[in-house]
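Structure record follows, encoded as structure tokens.
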Amino acid sequence: MDPIWLLLLLPLAGLSGWWAAQRTRAQGVDSATSKALPQPYVRSINFLANDQHDEALDVLVKALEDHDESLEIQLALGTLFRRRGEIEKATQIHQSLISRAGTSPEQKSIVLFELASDYFKAGLLDRAENLLLELGVTENFREASLRLLVQIYESEREWERAIAAAEILDEITSVDLAPQIAQFQCEMAERGLVAGDYAAAKDRAAKALKLDRNCARAIILRGRLEAFSGKHQKAVATWTRLCAERPEMLHEVSRLVQTSAQSMNDNEVYLDFLRRAIAVSADERLQLSLADFLLQMGQSEEAEALLRSWSEEQGSLSGLHRLLEIRSVSGAAGEVSGDYQLMRKVAGRLLSEQSGYECRFCGFQGKSMHWQCPGCRHWDTTTPRLNTIKLS
Ligand SMILES: [Zn+2]
């Protein structure tokens, strides 16, 4: 339950008593005969009804901080403080609860977990990890502790530990963590690549694909490793798998395919890849790559015809922009009027605002591709933002 509702529900009786006592003292009213709700409670409800959550909390927190010592209320307060970023206050509450006399072992475990969460939020990862490892041996907190430990190891980039914790979590819960563990294996594969340990990188990429056969990152890595060892045809075949498994990621490998095709001195390999990719993906950058490659090969008429038909038939702004760019660069004097130049600039600006990547889970947008979303920390949820501006 959300802490704000817990705060509203739990203290009603206690707060009523406290508030009635205040009224009795102040006004000489018999508390037993007073049926009025406590004022802080009423004010909080009013704030909530008007969607003023922060104001509602302020009133409740102030009333409860000094007058309600029950464990549930103090825990709810601590959680709220943590959510509001007031970590020091949350930590103080939880530390004082630990040393409170008469706390049962189970209650102490609850408080320790909350304290570990405070430390995690404050970036004190070692302290959080120690508490969680201690808590993890108790059955009731095993799953919650492992979940937080995985997050800690992710933050520390301790991938081996993250894999070990996630594997246990995968066994004891119904949630399928294989795609996430595959990402951790990919992290290790990239580490191997950077260190020049291709055998280890290959082993990790294979493990990732065993866990998640649709893991785009592992498919890309496997292809890169094959290309590194000179097996370019095999690499292109591996990357082409994305046509079926993850078409939205095809542009991420188009440059790699082009380089391998160059190494094989076979332009047709790259052209074939682009045509197959265009057939299954809505990513207009692939069509631009095809037009650019035709231009590079000196086939400017074919490139312009492609862009023109693409602009006319699909109403593509990207296609029109590139066509205007080509006309501008080729300096076909007289054909490129001032209005055309202006249109090119406007289209370019619109496209630039749209380009980049977006997390399909939280909507985080950025110019770079992230395997782990910087916004919500989910893995493999970031995909290219497709240009959706159409002229017709
Ligand atoms: Zn996200």
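Taking just the alpha carbons, could you work out the radius of gyration and Dmax for region 97-161, both in angstroms?
When restricted to the Cα atoms of region 97-161, Rg and Dmax are 12.0, 40 Å.
If you add up the charges near Ile181, with Lys and Arg at +1 and Asp and Glu at -1, over every other residue whose beta carbon is less than 13 angstrom from its beta carbon, what do you get?
-4
Rounded to the nearest 0.05, what FRET efficiency do Ala237 and Asp203 have when you use their Cβ-Cβ distance and R0 = 30 Å?
Here the calculated transfer efficiency is 0.90.
Let me see the P(r) profile for region 131-190: every Cα-Cα distance counted, bins of 5 Å, each bin given as a percent of all pairs.
Reading upward from the zero bin: 4, 20, 31, 25, 13, 5, 1, 0.
Values in this text are rule-based calculations from the coordinates and carry no lab data. A quick note: this is a predicted structure, and the numbers were derived from the prediction, not measured. Quick reminder, even Gly has a Cβ in these numbers, built from the backbone with ideal geometry, and neighbours come from all protein chains shown.
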